[in-house]
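A.B. asks: I have a structure I would like to understand better, so I am pasting it below and will then ask my questions one at a time.
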Amino acid sequence: MSHYRLLQKPVLWPGQSIADGEKMYTIGNFSKINLITTKALRVYDEMGLLKPVHVDKFTGYRYYSSSQLPRMHRILALKSMGFSLNEIKTVINDEKTIRMILESKLRETKNDIKNNQVRLLNIKGYLEGMEGDNLMNQDIIIKELPECIVYSKRMIVQDYNSYFKEIPAIGEEVKAANPDLKCSVPEYCIIMYHDKEYKDRNIDIEYCEAVTEFGNETDTIKFKKLEVVPKAACLLHRGPYETLRVSYAKLYSWMEKNGYEKTMPDRESYIDGIWNKENPEDWLTEIQIPIQAD
């Protein structure tokens, strides 16, 4: 007789016969059949989740029957899908509730998978970045860009050096029309690039700064709401603006390797610059490229 057949050998307690039609198992054999510990079976018994069909009043031995195998399988299946024992006890006989909870867990699991995919890409980006000389310039992350109210001005600038003249003038114009307007905290000051390719002259840009509320517009300054960007590939660039193209190349190369495409204009978020750092090598800019969401 095989080992498997020995595990299924019927056990009889006084007064029961084979004619009763069910195989009986000791707690040990029942645990082996279902690959579950006897300790877990005792917990299920205490909870009223799966009680033995018979407990010997003299020895305290627990016995289970073959008719309990479907319930045992359902418990194990629900447990494998993330149900707690208390949840299983509540819903095990309620097909409708099980379906509702499973649909909810399906959504949660899909979201977890998305988050883990982003985490995986962040890890890959970090490892790739570690191969370079400047670790700060290599760190790539994917993150959400939140919704915000901004004042903006779209214009064609001659070259990147024009920023030092044009942007302060925008600030003065906004302040004159809105003396009490406050910037958002944390500050979010960006330039969006509307050209379809890289240009170093006659650049189509839109300067935006996040504020706490809509204000008075002028002929050139407009207020609007930037909608949330679910996913953006982001990289921190430390150094003068003239070297930004190097960081852009690295970020676009990473996107290509990982199958991402740009969905909206590139953004540059200015964190440290001429206004608080004298040395251009200390300027800190975050490149933000919106990409397709899963």
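The values are calculated or read from the model by the stated rules, or taken from the named source; none is laboratory data. On a predicted model such as this, the values are computed, not experimentally measured, just so you know. Every residue, glycine as well, gets a Cβ built from its backbone with ideal geometry; the counts of neighbours run over all protein chains shown. When the accessible area is computed, the model is the full protein with side chains, heavy atoms only, and any ligands, DNA or RNA have been set aside. Shrake-Rupley method; radii C 1.70, N 1.55, O 1.52, S 1.80 Å.
A.B. asks: Being open to solvent by 40 Å² or more (accessible area, probe 1.4 Å) and either among the aliphatic types (A, V, I, L, M) or touching a Pro at 6+ places or on another chain (Cβ under 7 Å) (or both) is the filter here, so list the residues in segment 149-166 that pass it.
C.D. replies: The answer is 156, and nothing else.
A.B. asks: Still on this structure: Any idea how many residues of segment 261-293 are modelled with pLDDT of 90 or more and farther than 14 Å from residue 239 by Cα?
C.D. replies: Summing the residues that are modelled with pLDDT of 90 or more and farther than 14 Å from residue 239 by Cα in segment 261-293 gives 11.
A.B. asks: Might you let me know whether segment 255-265 holds any residue that is in a strand (DSSP E or B) and either open to solvent by less than 30 Å² (accessible area, probe 1.4 Å) or touching a strand residue (DSSP E or B) at 6+ places or on another chain (Cβ under 8 Å) (or both)?
C.D. replies: Applying the first criterion (in a strand (DSSP E or B)) to segment 255-265 yields 262.
Filter once more, keeping what is either open to solvent by less than 30 Å² (accessible area, probe 1.4 Å) or touching a strand residue (DSSP E or B) at 6+ places or on another chain (Cβ under 8 Å) (or both): 262.
Yes, segment 255-265 contains a residue that is in a strand (DSSP E or B) and either open to solvent by less than 30 Å² (accessible area, probe 1.4 Å) or touching a strand residue (DSSP E or B) at 6+ places or on another chain (Cβ under 8 Å) (or both).
A.B. asks: Take residue 143 and tell me if it is within 27 Å of residue 281 (Cβ to Cβ), within 23 Å of the chain's Cα centre (by Cα), of a type outside the set (Gly, Ala, Ser) and modelled with pLDDT of 85 or more.
C.D. replies: Working: within 27 Å of residue 281 (Cβ to Cβ): yes; within 23 Å of the chain's Cα centre (by Cα): yes; of a type outside the set (Gly, Ala, Ser): yes; modelled with pLDDT of 85 or more: yes.
Against the criterion (within 27 Å of residue 281 (Cβ to Cβ), within 23 Å of the chain's Cα centre (by Cα), of a type outside the set (Gly, Ala, Ser) and modelled with pLDDT of 85 or more), residue 143 qualifies.
A.B. asks: Tell me, which residue of segment 119-140 that is in contact with a Gly (Cβ under 8 Å, 6 or more places away or on another chain) and open to solvent by less than 50 Å² (accessible area, probe 1.4 Å) is modelled with the highest pLDDT?
C.D. replies: 140
A.B. asks: Quick test for you: out of 206, 187, pick the one residue that is at pLDDT 95 or above and under 27 Å from residue 276 (Cα atoms).
C.D. replies: The conditions single out 206.
A.B. asks: Of all residues in segment 209-233, which are within 31 Å of the chain's Cα centre (by Cα) and β-branched (Val, Ile, Thr)?
C.D. replies: 211, 212, 228, 229
A.B. asks: Of all residues in segment 169-208, which are open to solvent by less than 90 Å² (accessible area, probe 1.4 Å) and either in contact (Cβ under 8 Å) with a residue 60 or more places away in the chain or over 38 Å from the mean Cα position of the chain (by Cα) (or both)?
C.D. replies: 169, 173, 176, 177, 178, 188, 189, 190, 191, 192, 193, 194
A.B. asks: For segment 56-81, how many residues are of a type outside the set (Ser, Thr, Tyr), surrounded by 11 or more Cβ atoms within 10 Å (Cβ to Cβ) and either in a helix (DSSP H, G or I) or at pLDDT 90 or above (or both)?
C.D. replies: Summing the residues that are of a type outside the set (Ser, Thr, Tyr), surrounded by 11 or more Cβ atoms within 10 Å (Cβ to Cβ) and either in a helix (DSSP H, G or I) or at pLDDT 90 or above (or both) in segment 56-81 gives 12.
A.B. asks: Restricting the first residue to segment 270-294 and requiring it to be free of Cβ contacts under 8 Å to residues at least 24 places away in the same chain, which pairs with a second residue that is part of a loop (DSSP other than H, G, I, E, B) meet a Cβ separation below 7 Å and a spacing of at least six or different chains?
C.D. replies: 272/283; 273/283; 277/283
A.B. asks: What are the residues in segment 209-227 that are closer than 20 Å to residue 271 by Cα and either hydrophobic (A, V, I, L, M, F, W, C) or open to solvent by 90 Å² or more (accessible area, probe 1.4 Å) (or both), if any?
C.D. replies: Selection gives 210, 211, 226.
A.B. asks: I would also like to ask the following. When you go through (1) open to solvent by less than 80 Å² (accessible area, probe 1.4 Å); (2) under 20 Å from residue 142 (Cα atoms) one by one for residue 245, which number turns out not to apply?
C.D. replies: It fails just one condition, (1).
A.B. asks: Just one of (1) touching a residue at least 40 places away in the same chain (Cβ under 8 Å); (2) open to solvent by 20 Å² or more (accessible area, probe 1.4 Å); (3) of a type in the set (S, T, N, Q) trips up residue 34, so point out which.
C.D. replies: Residue 34 satisfies every listed condition except (2).
A.B. asks: Further question: Name, by its number, the condition in (1) touching a Gly at 6+ places or on another chain (Cβ under 6 Å); (2) in contact (Cβ under 8 Å) with a residue 40 or more places away in the chain that does not hold for residue 105.
C.D. replies: Of (1) touching a Gly at 6+ places or on another chain (Cβ under 6 Å); (2) in contact (Cβ under 8 Å) with a residue 40 or more places away in the chain, only one is false for residue 105: (2).
A.B. asks: Take segment 82-112 and flag every residue that is under 22 Å from the mean Cα position of the chain (by Cα) and outside any helix (DSSP H, G or I).
C.D. replies: 82, 83
A.B. asks: Within segment 82-103, does at least one residue satisfy the condition of being out of contact with any His (no Cβ under 9 Å at 6 or more places or on another chain), exposed (fewer than 14 other Cβ atoms within 10 Å of the Cβ), modelled with pLDDT of 85 or more and acidic (Asp, Glu)?
C.D. replies: So far as segment 82-103 goes, yes, one or more of its residues are out of contact with any His (no Cβ under 9 Å at 6 or more places or on another chain), exposed (fewer than 14 other Cβ atoms within 10 Å of the Cβ), modelled with pLDDT of 85 or more and acidic (Asp, Glu).
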